[in-house]
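Worksheet: one structure, shown below.
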Amino acid sequence: VDMLPRGFMDEKQISSARATLSKSNYMIEFGASFATDSEGFFKRSLIESCVVGRPDNPIVLNEETVEFSASLVGDDVPHVIAVDPASERDHFSVVVLALYSDHRRLVHCWTTNRKSHKERLKRGVVKEQNFYAFCARKLRELMLAFPNVEVLGIDSQGGGVTVEESLHDLEKLKDGEMPLWREIDPDPKKYKDSDGKPGLHIIRMINFADARWIVDANHGLRKDLEDKVLLLPAFDTAALGLAYEEDKAAGRIVLEDGEEISLYDTLEDAVVDIEELKDELASIVHTATAGGRDRWDVPGAKLPGSKAGKQRKDRYSALLMANAIARDIQRTE
């Protein structure tokens with residue numbers, strides 16, 4: 001941008017970008033500069049070092065090379081599912097982690113929003129009119145696809161309580177399904193009315209307003225990436241192409257009026273969502289408020305019409321919850 005003729009670009013736009021973008025992103029967009037690494041709390045190089053399946057950098061644990069890819073079904077190992085229930089500007093996001101003895105794997109990511117739900121309703125793919133009940137049904141499907149779910153973590157804000165209520169609504173249950181309730185606290189002084197209810201007590205509500213939890217979860221997530229305890233699935237363009245072909249063969253992508261339309265949750269969607277999650281993770285910036293409280297957030301951005309906005313971080317939030325829960329499970333004696 002410094003070498004363009006004066007007036008070629010709007011000075012206000014350039015100033016706005018300089019003020020709202022990180023230095024590396026500004027240099028990529030306006031300086032024709034290739035970034036060697038991101039500048040956020042989770043470095044891009046650190047994230048990429050946890051991706052399996054790289055011939056130049058294989059991940060070896062206990063003398064065995066770890067290899068896996070994103071999946072629509074899970075192995076017979078313990079799983080943790082975490083949910084960020086945003087639905088308007090952000091996405092309703094779900095992350096699934098598989099827990100192994102010496103590491104954990106990010107095996108699935110799913111996102112939706114109200115617009116996508118309305119489109120599926122219009123095409124008759126789903127019949128559930130209520131958005132959060134539709135999402136609760138998807139969570140039950142994921143629990144079938146990824147067995148042995150030990151904990152289902154849900155953000156208590158932004159619709160989380162509504163999702164929780166849908167999961168123990170007896171009218172929404174199918175044959176063989178059990179209502180899902182909050183975990184039972186072993187401390188008798190913390191007895192809840194739901195503790196005596198029949199069903200699975202696996203829901204853990206996470207409060208993002210808890211400053212101590214936020215600090216521990218973010219530092220724990222970075223340490224697990226550094227120690228190669230949390231691993232990310234292999235990705236390349238061939239994997240994406242194979243996922244697309246598998247979706248077509250399974251009928252998850254259909255041809256309508258000469259146009260390919262994805263009416264169902266596809267493997268390709270899961271692969272792309274995990275790539276988006278990595279981008280969100282790399283964009284997280286650690287700052288401190290005037291009161292000295294730590295904050296992890298995405299940088300501001302300018303939306304069309306000079307409106308202030310933010311990048312999304314819903315997938316990152318779901319991963320943060322899932323990893324914090326998995327740490328608790330695997331570190332409890």
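Can you work out the FRET efficiency for the pair Ala290 and Leu173, with r the C-beta to C-beta distance and R0 = 56 Å, to the nearest 0.05? Present the calculation step by step, with values, prior to reporting the outcome.
Values: r = 48 Å, r/R0 = 0.86.
My answer for the efficiency is 0.70.
After finding the eigenvalues of the alpha carbon gyration tensor for the stretch 100-232, what semi-axes result from the square roots of 5 times each, listed largest first in whole Å? Could you put the intermediate results ahead of the total?
Numbers: eigenvalues 145, 95, 49 Å².
Equivalent ellipsoid semi-axes, largest first: 27, 22, 16 Å.
Taking the three principal axes of the alpha carbon atoms in the chain, the coordinate ranges are 71, 56, 47 Å, sorted in descending order. Taking label points 7 Å from Cα along the Cα-to-Cβ direction, Asn148 and Ser33 give a separation of 4.8 nm. Of the solvent-accessible surface of the stretch 63-154, computed with a 1.4 Å probe over protein heavy atoms with every protein chain present, carbon and sulfur atoms account for 46 percent. What residue among Ala249, Ala17, Ala133 has the largest mean-square fluctuation in a Gaussian network model of the chain, using Cα springs under 10 Å? Maximum fluctuation in the GNM of the chain, among the listed residues, is at Ala249. The stretch 1-139: D in µm²/s via Stokes-Einstein (Kirkwood Rh, Cα pairs, 20 °C, 1.002 mPa s)? Value of D from the Cα-based Kirkwood radius: 110 µm²/s.
The angle separating the long axis of helix 314-331 from the principal Cα axis of greatest extent in the chain is about 50 degrees. Measure nothing fancy, just the Cα-based angle from helix 11-20's long axis to the longest principal axis of the chain, in degrees from 0 to 90, nearest 10. Result, in degrees: 40. Along its first, second and third principal axes, ordered by size, the stretch 115-158 spans 35, 26, 12 Å in Cα coordinates.
Approximating the spin labels as points 7 Å out from Cα along Cα→Cβ, the Lys228-to-Asp56 distance works out to 1.7 nm. When the chain is treated as a Gaussian network with alpha carbon springs shorter than 10 Å, the biggest mean-square fluctuation among Asp269, Asp90, Asp294 belongs to Asp294. Centre-to-centre, using Cα atoms only, the stretch 89-140 and the stretch 43-87 are separated by 19 Å.
The values are calculated or read from the model by the stated rules, or taken from the named source; none is laboratory data. It should be emphasised that the depicted structure is a prediction, and the values quoted were computed from it without experimental measurement. Here the Cβ is made from the backbone with ideal geometry for all residues, glycine too, and neighbour counts use every protein chain on show. The protein model used for the area step is the full one, side chains on, heavy atoms only, and it has no ligands, DNA or RNA in it. Shrake-Rupley method; radii C 1.70, N 1.55, O 1.52, S 1.80 Å.
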